[in-house]
Amino acid sequence: MPILLAPADAPALAELLEATDTSGLTWHLEDLTGGAAASTPDAAGASARSASLADLRVAGIGTLGAAGPTEIAFLSNPRYQSQLDSTHAGAVILSPAMADAHKASLAASGRTDGPRALVVCTEPYLLYARVGQWFARRSRANDIAGIHPSAVISPDAVIGDGVTIGPLAVIEAGVTIGQGARIGAGCIIGKDCAIGEHSLLHPRVTLYDRIRIGARALIHSGAVIGADGFGFAPDSHTVKGAYSKIEHFGGVMIGDDVEIGANTTIDRGVLDDTVIGNGVKLDDQIMVAHNVRIGDHTAIAACTGIAGSTTIGQRVAIGGAAMIGGHIDIGDDVFLTASTVVFSNLAAGGRYTGIMPAVEHSEWERNAVAMRHLGRLQRRLKALEKLSAKAADT
Amino acid sequence: MPILLAPADAPALAELLEATDTSGLTWHLEDLTGGAAASTPDAAGASARSASLADLRVAGIGTLGAAGPTEIAFLSNPRYQSQLDSTHAGAVILSPAMADAHKASLAASGRTDGPRALVVCTEPYLLYARVGQWFARRSRANDIAGIHPSAVISPDAVIGDGVTIGPLAVIEAGVTIGQGARIGAGCIIGKDCAIGEHSLLHPRVTLYDRIRIGARALIHSGAVIGADGFGFAPDSHTVKGAYSKIEHFGGVMIGDDVEIGANTTIDRGVLDDTVIGNGVKLDDQIMVAHNVRIGDHTAIAACTGIAGSTTIGQRVAIGGAAMIGGHIDIGDDVFLTASTVVFSNLAAGGRYTGIMPAVEHSEWERNAVAMRHLGRLQRRLKALEKLSAKAADT
Amino acid sequence: MPILLAPADAPALAELLEATDTSGLTWHLEDLTGGAAASTPDAAGASARSASLADLRVAGIGTLGAAGPTEIAFLSNPRYQSQLDSTHAGAVILSPAMADAHKASLAASGRTDGPRALVVCTEPYLLYARVGQWFARRSRANDIAGIHPSAVISPDAVIGDGVTIGPLAVIEAGVTIGQGARIGAGCIIGKDCAIGEHSLLHPRVTLYDRIRIGARALIHSGAVIGADGFGFAPDSHTVKGAYSKIEHFGGVMIGDDVEIGANTTIDRGVLDDTVIGNGVKLDDQIMVAHNVRIGDHTAIAACTGIAGSTTIGQRVAIGGAAMIGGHIDIGDDVFLTASTVVFSNLAAGGRYTGIMPAVEHSEWERNAVAMRHLGRLQRRLKALEKLSAKAADT
């Protein structure tokens, strides 16, 4: 279950919203119990506080269904509009249309249940994300920075101010760690790696030598960055079918604001680097092969594999378990459906799919034979069409 | 090769069967060398021993093909019935029908080779499993419980009686470990986790903070439980296409008797927990996303991915490399074929499949074009049918 | 970016080629600046040096596009022939035909740019691999062998000469490590394992008990070898649908010259061993289930899963993300296309494919309905064919 702040630490709703990064967002606060409402803070900021809601303290975030009176919830999917009436959340973040609908519903029914306050925002999901980030920062505020005595740290590593290094981590020679970065327990940071400021490596991340990671990275446990790619030259001189290893001299270059999921692997380049752009988000158990280049702000869901030397553009969205062959170009802003296999270039901006839908097994059995003879089926149809055309002629 | 007990430690066959948990099973022992046979022990138990087989000591389990005279084998697939004649196993667990067939075969041929003893049981595979569990427990009996001095354990962790903690494990603050649990070398147990009694974590399991695991869990190396799910709110206010992180405040709640395979990942919930029911069995390299709920006694084979907020019922069986989309409901007792992709709800009790069968490449090439024009093929067929119907009318 | 040797350490080109293992290869060196050329060294070897190129020192390997005058590049794909003119590489490894084409191009244009030297070889990719191996060995030459004091090593482990064991590795009782082997930081080597001479385990490899690995293995981080396979006997005696564990007593036997990728898992056998032959190459995130047998010199690309008791022949090549069912035989020299699903035996020497090609989503939508009714489509076609035949008869 979600953690809650102690009552003494819980901010009032308006304080929470002021403390939240709301840059770019327009929002206002409505007091459904009849008080004055705050809105997007003016330059001074102070006037935004709603005296009437001063006692509405927010200790955490919850779902509409589970949140209590000291929690804030959000509504971004119209499907769940009806849950507003029954939620026990103290406040709910939602869109202007949803807020209006709720107020109309309250007026029509004469009921007064539901949340005490509405936080109305044209981008409720984004505001919810930002509020969540405040809580996450707050819950880490009591963590003590420092280097655990059991960590094994090379004397020539350069460790920035305020860095945290967990128990039994290993930091090899030549490593640079930027200020405020946190290296989890059991992480292994190979020689000559560089980790940017305020990056967070969860426990047991492994970096091979010479990996460069930008600022504010978030890397999850079990990720392995910099293993050799899969490259071999056939070499049957001694034994038929044997292989000779292609050594990997390249590195991995990871931009700023990248998130990398649990047990994901990113291989180093053969001679050049494997490159992950700024703001790229990789889910768990993704495989990125040698010399792949992923453009800025591309997001890839779990279990996807990308073969060697493929280039993926910016702002591409790839569903889970997609499989992309080697030496392929995927343009900017492509949307690739989950479980789709790609063996040729994809033009920018397109949406691509290749799924065999699941059906009842008996139905599949009836189809499977036809599937194996599709080419023949097509030829038989063409023959019939010719016959038919001939018949029409006569 | 399988390990064998030292001769002095090897129990007599009847002793082995008495020591085995045979609850629920009916079995009897037949001495093919002509002595009296034991059967399911009576209340006293002692009468079950077969004096004639007292010297048949069982040091381990083997296959019919490889077991020697001090090993027990099993036969559950009728395909391998003929191996009974040639096995060197001292004893074989098998069904009554298979036992009868073997005895008839011996009588007909006049031969006396094959095993000395048959252990006849209506569920031979289950009895074999139970006998194996006895050997596994026996082989661990000499392990010394205790906490390795190199482990880094928070002074406020609560460690039960008889707990084993391996070298270089990390146990963070607030952790509770139930009695008899074993934590392997290099495991990292995050803050406020709870691990149930007699659970076994193999080396290098990683638990993030606030993960709850029931009793008798078996978790394999490289498993990562509690990483953040993959959630982002689009946030183009500063940079086009950028994302803002959805923080994950939920936990992971794992029931009793769960097995989790090597390098499997289970992400924590966003606000609520990700939930794994009692008796669930997960193979290696499975990905369970945030807020997934898996019902009791569901078994999932390797490389399967389950996207966020999907609910899987009880006693579901999922083949390897299946891929299940997000926000989907899979009913109880569903059987999902390996490598099948699921993007819609599946009704309880059904069997579902969606596989493109592998064929010779040249055949596939002939089919591949047709595959890309299936819709057109269907429309062309419909047109022909209309023509044909019209022709029939005239 | 690739690492370069310090100028003082960089060998002259001819020295580099003499130091390289060129066994089985025929090569010669051409000096495009007009000097005498070396060729495959004679027995004495010394005569092979080209005085004219004595000052061409090679500090590293680069791509044609990125290499500088102290680097060697290679050309094996005719597509990139034109890059020869513009490369700044000091020397280029290439085939006789490509060398001739380049010299003809220089003669025709009268230009003298491009590399100073050509290394002409009938197998340029293999020679490049071998040169790379020399650089890799050279860059490791300064590594200091030795056992890090933070490693936890059982006093009865047998550690060969010149073995390196990294920080915080764990070596359990009964382990044997062959001479010159290197065990990375954080590796965990279970009881009674044996690791062959000159094997390299990168950081954080996990071996369960009783795993045997041959000589010259290369195992990447996060690999887990020897976890239990996925085996359960249905056991509804107490709870409907529950399972009883099949214990795994077998081991894993890995041959010589095997490479295993990052986060790959190889499960131990139930009673017999899981067997990986000599020279097998496994990429990242591969899942090899219990009792699988993989023949010598088979190469398998990333994200492939192989279910239990399947046998794969020698020199098989399997593309990424293939999924192979259990109890299947795949013959020698099979080529299996990436992302192909296999549920039946594959005859030796064949090439097999089963991919649903990715298409534009709108096209896929038009096809998807037809896909679900393929069997019906086939039957409708057959009915039309009958009608048509009947019409032709009348």
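Quick note: the coordinates plus some simple rules give every number you see, no bench work behind them. Please read all numbers here as calculations on a predicted model, not as lab measurements. For neighbour counting, all protein chains shown are included, and Cβ atoms are generated from backbone atoms with ideal geometry for every residue, glycine included.
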Legend entry - For residue B:200, residues with placed amide H under 5 Å, excluding near neighbours: B:182, B:217, B:218, B:219
Inset, instruction - Compare the Cα positions of B:96, A:298, B:353 along the charge dipole of the protein assembly as shown (+1 at Cβ of Lys, Arg; -1 at Cβ of Asp, Glu; about the Cα centre) and return the one farthest towards the positive end. - result: B:353
Legend entry - Calculated [θ] (222 nm, deg cm²/dmol) that DSSP helices of n ≥ 4 give over the protein assembly as shown, each run adding -39,500 (n - 2.57): -6000 deg cm²/dmol
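In debye, nearest 20, what is the charge dipole magnitude of chain C about its Cα centre with +1 on Lys and Arg Cβ and -1 on Asp and Glu Cβ, if you could check?
Charge dipole, chain C, about its Cα centre: 1400 debye, nearest 20.
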Inset, instruction - Jot down the per residue volume, in cubic angstrom and as a whole number, of the convex hull over the alpha-carbon atoms of the stretch B:7-139. - result: 98 Å³
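Normalising by the residue count of chain C, find the relative contact order in percent from Cα pairs under 8 Å and 6+ residues apart.
6 percent
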Legend entry - Using a 7 Å Cα-to-Cβ projection, residue A:12 label spacings across copies, nm, ascending: 8.4, 8.4
Inset, instruction - Mind checking C:274-283 for the average number of partner chain beta-carbons within 10 Å of each residue's beta-carbon? - result: 3
Inset, instruction - Over every pair of different alpha-carbon atoms in chain B, take the mean of 1/r and invert it; report that Kirkwood radius in Å. - result: 25.1 Å
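Based on DSSP, what percent of beta bridges with both residues in chain B are antiparallel, to the nearest 5?
Approximately 15 percent, going by the DSSP bridge assignments.
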Legend entry - Taking the convex hull of Cα positions in the protein assembly as shown, its mean projected area over all directions (nm²): 59.6 nm²
Legend entry - Dipole magnitude (debye, nearest 20) for the stretch C:7-139, charges at Cβ of Lys, Arg, Asp, Glu: 200 debye
Inset, instruction - Evaluate the charge dipole of the stretch B:234-377 about its Cα centre and quote only its size in Debye, nearest 20, assuming +1 on the Cβ of each Lys and Arg and -1 on the Cβ of each Asp and Glu. - result: 640 debye
Inset, instruction - Springs between alpha-carbon atoms under 10 Å, Gaussian network over chain C: tell me which of C:258, C:239, C:275 tops the mean-square fluctuations. - result: C:239
Legend entry - the stretch B:167-231, relative contact order [Cα under 8 Å, separation at least 6], %: 28 percent
Legend entry - Alpha carbon centroid spacing (whole Å) that separates the stretch A:200-249 from the stretch B:331-384: 36 Å
Inset, instruction - Would you kindly state how much longer the chain becomes between residue C:351 and residue C:26 on full extension, computed as 0.36 nm times their sequence separation minus their alpha carbon distance, in nm to one decimal? - result: 113.8 nm
Inset, instruction - State the antiparallel share, in %, of DSSP beta bridges confined to the protein assembly as shown, rounding to the nearest 5. - result: 15 percent
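Net charge near residue C:190, counting Lys/Arg +1 and Asp/Glu -1 over other residues with Cβ under 9 Å of its Cβ?
Around residue C:190, the surrounding residues sum to -1.
For the stretch B:7-139, what proportion of DSSP beta bridges, expressed in % and rounded to the nearest 5, is antiparallel? Write out the running numbers ahead of the final one.
Working: 7 of 16 bridges.
If we restrict to bridges inside the stretch B:7-139, about 45 percent are antiparallel.
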Inset, instruction - Compare A:30, A:360, A:15 in a GNM of chain A, Cα atoms joined below 10 Å, and give the one with the largest fluctuation. - result: A:360
Legend entry - Peptide B:257-269, shielding by other chains (average Cβ, 10 Å cutoff): 6
Legend entry - Mean Cα-pair separation over length for the stretch B:7-139, i.e. relative contact order, pairs under 8 Å, 6 or more apart, %: 27 percent
Inset, instruction - Under a 10 Å cutoff between Cα atoms, tell me which one of C:200, C:16, C:384 has the largest fluctuation in the Gaussian network model of chain C. - result: C:384
Legend entry - Label point 7 Å beyond Cα along the C-beta direction, distances from residue A:327 to other copies (nm, shortest first): 4.1, 4.1
Inset, instruction - Compute the label-point distances linking residue B:237 to its equivalents in the other copies; points lie 7 Å from Cα along Cα→Cβ; give nm, one decimal, shortest first. - result: 6.3, 6.3
Legend entry - Extreme residue, positive dipole direction of the protein assembly as shown, given options A:340, B:200, A:217 (C-beta unit charges): A:340
Legend entry - Peptide C:334-344 - average C-beta neighbours from other chains (10 Å radius): 6
